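The structure under discussion appears below in the form of structure tokens.
We did not get these values from a lab; they are worked out from the coordinates using the rules stated. Bear in mind the structure is a predicted one, so any value in this text is a computation, not a measurement. Virtual Cβ from ideal backbone geometry, glycine too; neighbours counted across all protein chains shown.
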Amino acid sequence: MAAQSDNSTKKNSANLSLHTAEGVVVDIGTGDGRFVYQSARANPSKFYIGIDANTKPLEKISMKATRKPSKGGLPNVLFIQAAVENLPEELNETADEIHIHFPWGSLLRAAVSGDETVLQSLRRICAPECLIEIVIGIDEERDKSEIERLDLPKLSTKYLENVLIPSYRAARFEILESGILVASDWSKLETSWARKLQGGSNRQVTYLILQAS
């Protein structure tokens with residue numbers, strides 16, 4: 001399906017039942033939609049929803065998804081234009097998985113700070129026992145201006161344990177796992193952003209695996 005604004009989600013939400021035998025997967029800050037498209041091809045029984053406030057990078061892949069399957073079209077894909085702070089109500093209690101890969105800008109700040117409004121918005125769309133994967137990559141040298149602009153804290157073990165993880169727990173997310181990903185692991189993620197960052201040897205990539213409680 002082509003990129004949709006959040007006010008058109010309702011008329012499309014009925015289609016979710018057609019390809020959800022193995023659940024609904026939501027990619028927040030989907031960028032150019034590569035993760036959604038490649039994952040949907042590999043898992044036709046799951047329904048994939050890519051969400052981003054900026055749909056410009058999605059124009060090409062969203063058009064491709066609307067084609068006939070023989071020409072690369074995918075019936076188990078939907079792209080939605082929406083801000084993470086105000087996700088469409090039609091998605092309430094829908095997501096079996098949520099992925100946030102290499103967020104940037106306001107989404108990065110929200111993920112790193114454990115922003116209450118954003119976490120409650122994410123929690124609202126979670127189905128029971130929804131799993132959430134967050135992968136954050138920061139290079140203190142290359143990203144210095146963005147770190148200063150967003151006033152980002154250093155993702156130290158102390159910060160994770162004393163500030164960030166308690167914020168997620170307060171939003172009713174249980175922490176299943178957290179740690180640092182080596183480049184050989186995170187570079188395999190099917191996202192264009194991960195591929196672009198492969199040369200950043202000083203980039204610390206932190207991951208969190210959560211579950212809605």
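Database remark: amide H of Val77 closer than 5 angstrom to the amide H of Tyr48 (H placed geometrically; neighbours at sequence offset of 5 or more, or on other chains; Pro and chain starts carry no H). Distances between placed amide hydrogens fall under 5 Å for Gly23 paired with Phe47, all partners being 5 or more residues away or on another chain. Around Glu129, with a cut-off of 10 angstrom between Cβ atoms, what is the net charge of the other residues, counting Lys and Arg +1 and Asp and Glu -1? Here the charged neighbours net out to -2. The mean sequence distance of close C-alpha pairs (under 8 Å, at least 6 residues apart), as a share of the length of the range 47-96, puts its relative contact order at 43 percent.
The modelled label-to-label distance for the pair Gln120/Glu89, using points 7 Å beyond Cα in the direction of Cβ, is 1.5 nm. Packing here is the average count of other Cβ atoms within 10 Å per residue, and on that basis the peptides 89-99, 149-159, highest first, run 89-99, 149-159. Residues of the range 115-153 with the amide nitrogen closer than 20 Å to a label point 7 Å from the Cα of Lys56, along Cα-to-Cβ, please. Residues passing the 20 Å test: 146. Phi-derived couplings, Karplus 6.51 cos²θ - 1.76 cosθ + 1.60 at θ = phi - 60°, listed residue by residue for the range 94-103: 9, 6, 8, 9, 10, 10, 10, 10, 6, x Hz, with x used for Gly and Pro. Note on Arg67 and Leu176: the model spin-label points, each 7 Å out from Cα along the C-beta direction, lie 3.5 nm apart.
In percent, rounded to a whole number, the relative contact order of the range 74-130 is 52, using alpha-carbon pairs under 8 Å and six or more apart. With θ taken as phi - 60° and the Karplus curve 6.51 cos²θ - 1.76 cosθ + 1.60 applied, the whole-hertz 3J(HN,Hα) list for the range 31-37 is x, 8, x, 4, 4, 5, 5 Hz, x standing for glycine and proline. Between Asn202 and Asp151, the C-beta separation translates, for a Förster distance of 30 Å, into a calculated FRET efficiency of about 0.90.
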